[in-house]
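Inspection log for the structure reproduced underneath, given as structure tokens.
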Amino acid sequence: MKRILFVHGRAGTPLQYALPRIAECADLHVLAISPLPTAGAEAWRPRCASVVEAWQDRPRGEELVELVMRRAKQIDADAVLCLSEYLVLAVAVAAERLGLRGPGADAARRARDKRLMRQRWQETEVPIPRFLPVQGKADVRRAIGQLTPPLLLKPAWGSGSIGQMVIQSKSGAAHAFNALTDSLGRNDDLGLVEWYEAEASRNLLVEEIVEGTTEGWYEGNARHRYGDYVSVEGIVAEGEYHPLCITARMPTVPPFTELSSNAPCVLQEPLQRRVEEVARAAVDALGLRNCGTHTEIKLGADGDVAVIETAARFGGSVITRVVEHVFDLDMVSMLTRQLLGEEVEYPGRMLVRGRGAAATLAWLPVDASGRPWTSQPVWRPEAARLETLLSSGSTIESVAELTAPAGSTVPRYDPAGGARNCFGRFFVTAEDAETLMTDLYAVVNGLERTLAAVPDEH
């Protein structure tokens, strides 16, 4: 059987979902650069041929690449794979030097550094908001004079909306810069940092905020229930992009923290094909070779769109599980076989119709309008009757690996924290997309009340 080295870091697809699927394709060897989760470990640890934990040494840069290469050679790996945004570049460099399939080192850098990403898209006329690379406070103030506020200050190597700050005028530049810098400092403590590029945290971006709308895209009441952006989930195989499906969203929580990814998308097929076309142009421009992709696109007036970003990895949380539930596409296994050089069957066109509906829902201590919770309940999963929030026939499951342990107190909401605010993740299913959206709003707006009603154990 072939052998694959999986490099584990914080964030990305949960191991309890991904690793059993990888192990079906090859002997699975794990190299952990971040602490391995204990929740859900019974689903994947028995499937591993070996597990090496190297996170105590906190390897970075070339040291990390050499570690990955050394371990890959020790097991005579046929492929190396990671699912964490923060390891994409290091693993891509290692794969390229080993002569193994991967996204390609230069392409992976373009998919990680949003400055390079946007420069390439600007050159190839992919629709994007105007932007300027910045580093210090003076750069931010100058950018405000050259772009049209409101503006978004964000880390060039970031993910999960962490550290994003809205700037209305020059007077707010210093506060936004200081808040972002403080936020990135907390990321380092959590391991939510770029592992290869040493100066990544100093590289920032200021961009104009694109005016999004659901008008002309969604019909009827859906215009008020869905967010004004979508994502295209896909795989690049030997340089050919295969868009697989669109995941829709609830509106973000201010400033731009994501709540959900749901399928199927209810946009009419011609509109989905328009999104597919723009996603293809964005991914093709980066020159990726073999990897998963997650491309976020803002919906504008009169059918216009703007590409927000593309990642050379799958969408995080349990987006891959959502896609498998609705479209019967096991993206993790497909990519694994692709990296191993096996033949993989891809849909001829992006799929627009599925079976049933599913979503990954972020558990943030806010309601759907972004109002922070006024209480800090304790999470007692055995007593919390979350199913009472759902429609008949729907299901909800807390993803153990991505949810705080039982007995934890829900923290206060931090607007600059982005995905760091996420206390947990839910996987929700329903009979159809309309029922799913009703259920998602019911959970987000009713969760605080439901948890507060759980009797204290003492």
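The values are calculated or read from the model by the stated rules, or taken from the named source; none is laboratory data. The structure presented is a predicted model; accordingly, all values stated were derived computationally and were not measured. For neighbour counting, all protein chains shown are included, and Cβ atoms are generated from backbone atoms with ideal geometry for every residue, glycine included.
Residue by residue, here is whether (1) assigned by TED's automatic domain parsing to the domain that holds H8; (2) outside any loop (DSSP other than H, G, I, E, B); (3) of a type in the set (A, V, I, L, M, F, W, C) holds:
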position: S375; (1), (2), (3): no, no, no
position: R420; (1), (2), (3): no, yes, no
position: V428; (1), (2), (3): no, yes, yes
position: A442; (1), (2), (3): no, yes, yes
position: P455; (1), (2), (3): no, no, no
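Hey, among the residues in segment 297-350 that are acidic (D, E) and under 30 Å from P251 (Cα atoms), which one's surrounded by the fewest Cβ atoms within 10 Å (Cβ to Cβ)?
For segment 297-350, the residue satisfying everything is D302.
Does at least one position in segment 444-456 carry a residue that is touching a residue at least 12 places away in the same chain (Cβ under 8 Å), over 12 Å from P381 (Cβ atoms) and small (G, A, S)?
yes
Looking at G145, G160, G104, which one is at pLDDT 95 or above and not β-branched (V, I, T)?
Answer to the check: G104.
How about segment 281-302: which of its residues are charged (D, E, K, R) and either under 11 Å from G234 (Cα atoms) or over 18 Å from the mean Cα position of the chain (by Cα) (or both)?
Once the filter is applied, which keeps residues that are charged (D, E, K, R) and either under 11 Å from G234 (Cα atoms) or over 18 Å from the mean Cα position of the chain (by Cα) (or both), segment 281-302 yields D284, R289, D302.
Would you mind telling me which numbered condition in (1) over 20 Å from F256 (Cβ atoms); (2) in contact with a Leu (Cβ under 8 Å, 6 or more places away or on another chain) F423 fails?
Condition not satisfied by F423: (1).
Out of segment 44-89, which residues are of a type in the set (G, A, S) and surrounded by 17 or more Cβ atoms within 10 Å (Cβ to Cβ)?
Those that are of a type in the set (G, A, S) and surrounded by 17 or more Cβ atoms within 10 Å (Cβ to Cβ): A54, A72, A77, A79, S84.
Would a scan of segment 382-392 turn up a residue that is in contact with a Phe, Trp or Tyr (Cβ under 9 Å, 6 or more places away or on another chain) and in a helix (DSSP H, G or I)?
Yes - at least one qualifying residue is present in segment 382-392.
Within segment 108-126, can you find the residues that are in contact (Cβ under 8 Å) with a residue 40 or more places away in the chain and of a type in the set (S, T, N, Q)?
Hit for segment 108-126 is T124, nothing else.
Looking at the structure I just gave you, is G220 buried (at least 17 other Cβ atoms within 10 Å of the Cβ), in a loop (DSSP other than H, G, I, E, B) and among the small types (G, A, S)?
no
Which pairs do you get when a residue that is surrounded by fewer than 23 Cβ atoms within 10 Å (Cβ to Cβ), found in segment 25-37, comes within reach of a residue that is of a type in the set (S, T, Y) and part of a loop (DSSP other than H, G, I, E, B), reach meaning Cβ atoms under 9 angstrom, with the pair 6+ apart or on two chains?
S34/S84
Count, please, the residues in segment 1-20 that happen to be of a type in the set (D, E, K, R) and either crowded, with 21+ Cβ neighbours inside 10 Å or in a strand (DSSP E or B) (or both).
1
Can you tell me which residue within segment 400-416, out of those that are hydrophobic (A, V, I, L, M, F, W, C) and in a helix (DSSP H, G or I), is surrounded by the most Cβ atoms within 10 Å (Cβ to Cβ)?
L402
Restricting to segment 367-395, count the residues that are surrounded by fewer than 20 Cβ atoms within 10 Å (Cβ to Cβ), of a type in the set (A, V, I, L, M) and within 26 Å of the chain's Cα centre (by Cα).
Going through segment 367-395 one residue at a time, the tally reaches 2.
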